[in-house]
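Colleague: Take this structure, written in structure tokens, and hold onto it; I'll ask about it next.
Bear in mind these aren't lab numbers, they're just calculated from the coordinates by the rules spelled out. The shown structure was predicted, so the numbers you read here are calculated from the model rather than taken from an experiment. Using ideal geometry, Cβ is built from the backbone for each residue, glycine included, and neighbour counts are taken over all protein chains shown.
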Amino acid sequence: MTRIVVADSCTLLCQGLSRLLETEADLRVTGAYTRGREALRAVLETRPDVFLVDTRLEDVDAFVVVGEVRRARPEVRVVVFSAQPEAREVRQAYEAGAAAFVEKRADLGALLQVIRRVRRGERLLDAARAAAIVQELEAGQRAVWARRAARLAARELEILQLLAQGCSNQEIADALGLSEKTVRNRLSEVFAKLGAQNRTQAALFAVRAGIAPGVPA
């Protein structure tokens, strides 16, 4: 019998996943928690075979929890799962010692296979696998950036480049021979096309997409 503790900040998902896992004859969920600190305490006290933890916990950094579990209870196999996986999350999961990384969109059969394999001692998130996942996610993100950048007109690209260099609206206007009001209006259009909420997000997009020089944060 494989004993599992589940941690997911969404109550509905946490309870639903626990019920699904309980339908398997060889699996038993010994605890389901929506708060990371409670889940950590339960794992340290009850020593389950597998700890299934979401990357987006509300009360504590999920990867801090993973690291604590691996240090205090190295026999517990940790499976990290995410609804919207990012490259940094995969890196953090690997560095924290997780045995596997699973996307929430994976079907139940795939998740069950992962749980059973890590229970047998396999580490499915080794350096090579982590690198492959990161490469895949980054390639997908670059494609998204390229599609968004393609929406921008030539003048909007110029404005975005200057914004990313730290120029104010008036400085952008002076550099391009436009009125400050025109720059402000065009920036609103740029934000909308990029899905950016503010200047910082737009500037970060410009750097990461290669539109402006710099080092992405």
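Colleague: List every residue whose amide H lies under 5 Å from the amide H of residue 77, counting only residues 5 or more places away in sequence or on a different chain, with H placed 1.01 Å from N in the peptide plane.
Modeller: Distant-sequence amide H within range of residue 77: 50, 51.
Colleague: How far is it, in nm, from the label point at residue 45 to the one at residue 19 when both lie 7 Å from their Cα along the line to the Cβ?
Modeller: 2.6 nm
Colleague: Next question. Can you tell me the dipole magnitude for the chain around its Cα centre, using point charges on the Cβ only (Lys, Arg +1; Asp, Glu -1), in Debye to the nearest 20?
Modeller: So the magnitude is around 220 debye.
Colleague: Amide H neighbours of residue 29 under 5 Å, at least 5 residues apart or on other chains, H built in the peptide plane: list them.
Modeller: Distant-sequence amide H within range of residue 29: 4.
Colleague: Go ahead and estimate [θ] at 222 nm for the chain from helices alone: -39,500 (n - 2.57) per DSSP H run with n ≥ 4, summed, over the residue count, rounded to 500. Please list the in-between numbers first.
Modeller: Details: 10 runs with 123 residues, N = 217.
Helix contribution divided over all residues of the chain: -17500 deg cm²/dmol.
Colleague: What label, among [x] 22.3, 72; [y] 19.4, 63; [z] 21.1, 66, belongs to Rg and Dmax of the Cα atoms in Å computed from the structure on display?
Modeller: Only one option fits the structure, namely [x].
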